[in-house]
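Beneath this line is the structure, given in structure tokens, with notes to follow.
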Amino acid sequence: MRIKPLLLALSASMMLLQLHAQDTIMLHSVDVTAEHNDIEVLKPLVAKKLDTLVLQSKSTSSLSDLLIQHSPVFIKTYGPGGTSTASFRGTTASHTLVLWNGFQLNAPNLGQVDFSTIPVFLADDIGLNWGSGTSDNSGGLGGSVNIDNKSRFGDGLLLDLKQTFGSFNTWGSFVTVGNYGKRFSFRVKAYRNSSDNDFEYVNHAQFGHPKMTQRNADFVDYGVMPEISIMLKNSVISLSSWDQWNHRNLPPIMTNVGNINSEEWTKDNFSRNFVSFKTFWATGSLQLKSAAFVENQRYFLETRNPVTDDVVTYINSENKALVLHQIANVEQQLYKSWTLKAKLQWDDERVRSNNYEGAKRRDVVSAYAAVNGEPFPCANLNLTARYDWTDGHPMGLFPTATFSYQMPFYKPLSLTLGYSHNYRNPSLNDLYWYPGGNPDLLPEDGRTLDLAVKCGFQKGPFKLDLRTGGYLSNVKNWIQWMPTSYRYWVPENVSKVFARGIENHIDAAFVKENWKVTLSGNYVFTVTTDESEKAFAQGTNGKQLIYIPRHHANCFLNTQWKTWNLSYTVEITGRRSTSYSEEQFFAYDLPSYVLHHIAIGKQIKKFRLELRCNNLTDKDYQNVIWRAMPGRSFEVMVNYKY
């Protein structure tokens with residue numbers, strides 16, 4: 001069956017349809033605010049957008065810092081300048097899908113994303129999806145993080161300058177310049193981050209727990225994102241390019257600080273480019289998107305014998321990837337409240353690596369359809385189905401269903417029940433790494449059941465929204481790298497992972513005259529265990545997977561009075577296991593920790609000044625075993641916006 005020509009045929013047919021479609025008038029965006037109304041649009045509780053205030057407060061931070069402090073996602077971080085990966089609902093980094101304007105960012109070779117390399121500054125919107133909310137893409141067995149940019153028109157000239165300076169000689173420069181015309185707009189964002197990253201820490205791996213200064217940890221990241229948008233009579237054309245370079249030295253772990261004859265670093269760069277054409281008619285829209293992502297990754301490690309200067313370890317890993325994306329999205333209003341959405345997608349992944357035997361390529365084609373509407377008053381039903389082909393082989397049908405109900409006796413009280421079926425292809429490293437790759441791996445297969453309840457309350461200037469829910473997730477053919485007798489590791493479909501948990505969210509606001517107080521928080525209880533036959537045989541069944549905390553929480557309080565603001569953030573990370581066996585060397589649980597952060601700011605005409613203190617109590621902690629984390633640190637930010 002020829003799948004790729006279908007994409008071109010669908011695109012051509014829909015464009016011809018537009019010649020007969022009813023003309024519409026494109027209006028400029030308008031922000032509307034109003035008092036709370038009990039009668040709200042019923043939204044299924046499988047998605048959440050991060051608040052604009054939160055994005056502004058963390059605009060000079062990385063996406064990993066943002067998610068640690070303002071989301072239910074647990075971030076496993078190696079410290080400033082180090083790798084940061086996400087664990088969503090008790091799964092691993094490979095099970096968290098990351099999308100930029102609908103295009104997948106997960107590297108085809110690694111299958112995951114380093115959140116420390118994504119600046120919040122480059123995003124206009126950041127949202128989270130879980131359960132049935134991830135149905136339109138494969139891979140998000142835990143959830144997905146959506147990074148989006150907006151086309152804007154009619155706002156005129158834009159100039160936004162931010163400069164930060166902080167502890168450990170940390171500098172950050174952020175520039176946004178552009179012009180939002182009536183029919184043509186452009187914007188360029190550019191940034192640079194650098195740090196010596198030479199903070200003091202307590203070395204718990206050395207006798208007496210001495211204080212040391214971290215070395216070989218400096219980094220510099222810089223990037224640019226030009227964007228162009230053109231408005232036609234009833235269409236919008238958008239072009240964007242995200243170009244970035246990351247140069248990072250990697251510090252030794254606490255057990256290896258005595259080895260000064262070592263060199264370890266990473267140098268990565270990428271260019272992510274896309275063009276989008278979206279056209280509207282009276283009852284629907286068509287969007288065609290095409291993207292080309294070019295990524296280069298290099299990791300270097302060399303250690304020498306301090307006496308003979310002979311090379312003990314030498315790794316020089318180079319990976320080059322080219323990913324082409326083609327997407328066609330159609331949305332059509334049907335009868336009354338019912339809407340049809342359809343998507344046809346083709347991803348062409350190519351990787352050349354000195355860790356593979358030859359270049360590798362993979363094609364993934366996906367056909368997706370969703371129907372959403374109100375089967376009866378106060379109810380919403382969303383049904384989706386996706387069928388995928390990988391290298392021409394059918395992967396099967398993956399359906400989801402989400403039902404939401406708004407209580408007629410109290411509109412702010414609603415309930416959502418969802419079921420989802422999804423899968424994840426093995427990464428190209430899993431399949432072809434030499435030595436150890438396993439081309440016979442099966443895709444991971446996951447099914448999730450969600451139940452969530454949301455309740456709202458408003459009286460006068462006070463508003464409160466509470467959400468609580470639980471989930472059950474079962475992933476078969478979980479891929480795990482296992483040691484062999486040949487002194488290298490091999491990935492196998494050995495695990496059957498059962499994840500379950502409870503999620504709680506709170507959003508509150510008090511607005512009166514010159515005062516505005518907002519509070520948001522998340523608490524997640526997660527139990528994730530391996531229930532496979534091998535786990536029973538080894539006695540590891542029922543044990544929490546390593547580096548996944550049972551308890552994770554955060555809270556953000558912000559107070560605004562006239563031109564002043566004060567914010568306070570608390571993040572709580574529970575105990576984590578670092579090994580399934582207590583007999584392994586250095587195998588123990590990392591203790592829980594609580595971090596406090598505070599910031600105070602002042603608006604002076606077009607300038608904004610802010611002073612931040614991270615880790616206010618100077619807490620000594622580890623997120624990853626033997627990786628040093630900074631104590632109390634300070635940062636100053638100056639912002640000019642025209």
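The values are calculated or read from the model by the stated rules, or taken from the named source; none is laboratory data. Keep in mind it's a predicted model, so treat the numbers as computed, not measured. Virtual Cβ from ideal backbone geometry, glycine too; neighbours counted across all protein chains shown. Accessible surface is based on the protein model in full, side chains and every heavy atom, while ligands, DNA and RNA are left aside. Shrake-Rupley method; radii C 1.70, N 1.55, O 1.52, S 1.80 Å.
Points to keep in mind about this one:
- Condition met for Tyr471 (at pLDDT 90 or above, open to solvent by 40 Å² or more (accessible area, probe 1.4 Å), at negative phi and within 21 Å of the chain's Cα centre (by Cα)): no
- No other residue among Thr213, Thr266 is among the polar types (S, T, N, Q) and open to solvent by 60 Å² or more (accessible area, probe 1.4 Å) apart from Thr213.
- With respect to the stated conditions, Pro408 is farther than 30 Å from Arg352 by Cβ, in contact with a Cys (Cβ under 8 Å, 6 or more places away or on another chain), open to solvent by 10 Å² or more (accessible area, probe 1.4 Å) and free of Cβ contacts under 8 Å to residues at least 60 places away in the same chain.
- The single condition among (1) at pLDDT below 95; (2) open to solvent by 50 Å² or more (accessible area, probe 1.4 Å) that Gly154 does not satisfy is (2).
- Out of Ser420, Ser366, sole residue that is within 27 Å of the chain's Cα centre (by Cα), among the small types (Gly, Ala, Ser), farther than 23 Å from Lys289 by Cα and open to solvent by less than 20 Å² (accessible area, probe 1.4 Å): Ser420
- Given (1) open to solvent by 70 Å² or more (accessible area, probe 1.4 Å); (2) in contact with a strand residue (DSSP E or B) (Cβ under 9 Å, 6 or more places away or on another chain); (3) without any contact (Cβ under 8 Å) to a residue 24 or more places away in the chain, index of the condition Arg487 fails: (2)
- Ile548 being under 28 Å from Asp618 (Cα atoms) and either among the basic types (Lys, Arg) or touching a Lys or Arg at 6+ places or on another chain (Cβ under 9 Å) (or both): yes
- Here the condition is being open to solvent by less than 20 Å² (accessible area, probe 1.4 Å) and under 30 Å from Ser404 (Cα atoms); of Gly81, Gly102, Gly90, Gly111, it holds for Gly90 alone.
- Residue that is in contact (Cβ under 8 Å) with a residue 60 or more places away in the chain and open to solvent by 50 Å² or more (accessible area, probe 1.4 Å), where the choices are Lys463, Lys459: Lys463
- In a residue-by-residue description of region 440-449, the property of being open to solvent by 10 Å² or more (accessible area, probe 1.4 Å) and over 27 Å from Ala385 (Cβ atoms) applies to at least one position.
- Of the strands (runs of 3 or more DSSP E) contained entirely in region 365-472, those carrying at least 2 residues that are hydroxyl-bearing (Ser, Thr, Tyr) fall at 379-390, 393-406, 414-424.
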